[in-house]
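Worksheet: the structure to be examined is printed underneath.
Coordinate-derived values only; no laboratory data. What you see is a predicted model, and the numbers here were worked out from it, not measured in a lab. Here Cβ is always computed from backbone atoms with ideal geometry, including for glycine, and neighbour counts include all displayed protein chains.
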Ligand code: GDP
Ligand code: MG
């Protein structure tokens with residue numbers, strides 16, 4: 001069995017659901033209250049990912065930064081060495097989609113080889129959605145990244161998204 005370990009960064013504006021997506025994926029839990037992450041939290045999850053005829057034991061080191069998203073120099077050192085990133089936006093706040101251009105640009109400058117995937121989160125709040133699936137599809141096309149409409153609350157597409165990223169990371 002081949003074992004690999006990869007650094008994955010969570011990117012996106014404050015309160016889009018970065019911490020919640022990690023918590024859902026790693027612990028299968030959701031918390032309604034908002035706890036601002038302090039500093040960087042690194043969570044670890046091992047997944048079995050197919051590569052051709054073999055199975056790779058992939059350790060995802062999920063880096064979740066908070067508080068200082070706005071400071072470019074912090075963002076840059078946070079992204080250094082990342083081989084993958086999940087760019088998260090909040091479907092109820094269209095401005096969080098627009099921000100992802102910036103995050104993606106910084107990522108491609110700092111870690112040009114990193115695989116990027118998009119999570120358009122809070123799809124369970126579809127009735128309050130300010131952004132349409134079509135807008136997300138366009139954004140994903142512009143960023144040349146696969147995307148999923150996720151919910152950290154009910155778990156929709158969360159596992160699927162991280163597994164897709166896992167396959168990209170071992171390819
Ligand atoms: P972060 O700042 O990006 O890490 O955002 P958090 O993960 O802390 O989430 C911000 C707020 O949105 C919290 O109150 C979460 O409970 C809530 N939240 C996160 N993901 C979802 C989701 O998929 N659906 C709903 N309804 N709320 C969510
Ligand atoms: Mg957070």
Worksheet item: Can you tell me how many residues in the stretch 138-157 are in a helix (DSSP H, G or I) and either within 11 Å of ligand 1 (Cβ to nearest atom) or surrounded by 14 or more Cβ atoms within 10 Å (Cβ to Cβ) (or both)?
Response: 3
Discussion item. So residue 5 ticks every box in (1) within 21 Å of residue 157 (Cβ to Cβ); (2) assigned to a strand (DSSP E or B) but one. Which box is left unticked?
Written reply: (1)
Worksheet item: Is it true that some residue in the stretch 20-28 is out of contact with any helix residue (DSSP H, G or I) (no Cβ under 6 Å at 6 or more places or on another chain), more than 14 Å from ligand 2 (Cβ to nearest atom) and touching a residue at least 24 places away in the same chain (Cβ under 8 Å)?
Response: yes
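So which residues in the stretch 48-63 are within 18 Å of residue 116 (Cα to Cα) and either surrounded by fewer than 13 Cβ atoms within 10 Å (Cβ to Cβ) or more than 16 Å from ligand 2 (Cβ to nearest atom) (or both), if there are any at all?
49, 58, 59, 60, 61
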Discussion item. Can you say whether residue 16 is touching a strand residue (DSSP E or B) at 6+ places or on another chain (Cβ under 7 Å), under 20 Å from residue 123 (Cβ atoms), within 15 Å of ligand 1 (Cβ to nearest atom) and part of a loop (DSSP other than H, G, I, E, B), as far as the supplied structure shows?
Written reply: yes
Response to the item:
Among (1) under 22 Å from residue 44 (Cα atoms); (2) touching a residue at least 60 places away in the same chain (Cβ under 8 Å), residue 116 falls short only on (2)
Worksheet item: If you check residue 131 against the conditions, is it over 18 Å from residue 10 (Cβ atoms), within 16 Å of ligand 1 (Cβ to nearest atom) and either under 15 Å from the mean Cα position of the chain (by Cα) or not in a helix (DSSP H, G or I) (or both)?
Response: yes
Practice prompt. Look at residue 111 and say whether it is under 25 Å from residue 73 (Cβ atoms), touching a helix residue (DSSP H, G or I) at 6+ places or on another chain (Cβ under 8 Å) and surrounded by 18 or more Cβ atoms within 10 Å (Cβ to Cβ).
Written response: yes
Worksheet item: Which one of the conditions (1) crowded, with 22+ Cβ neighbours inside 10 Å; (2) touching a helix residue (DSSP H, G or I) at 6+ places or on another chain (Cβ under 8 Å) does residue 165 fail to meet, given that it meets all the rest?
Response: (2)
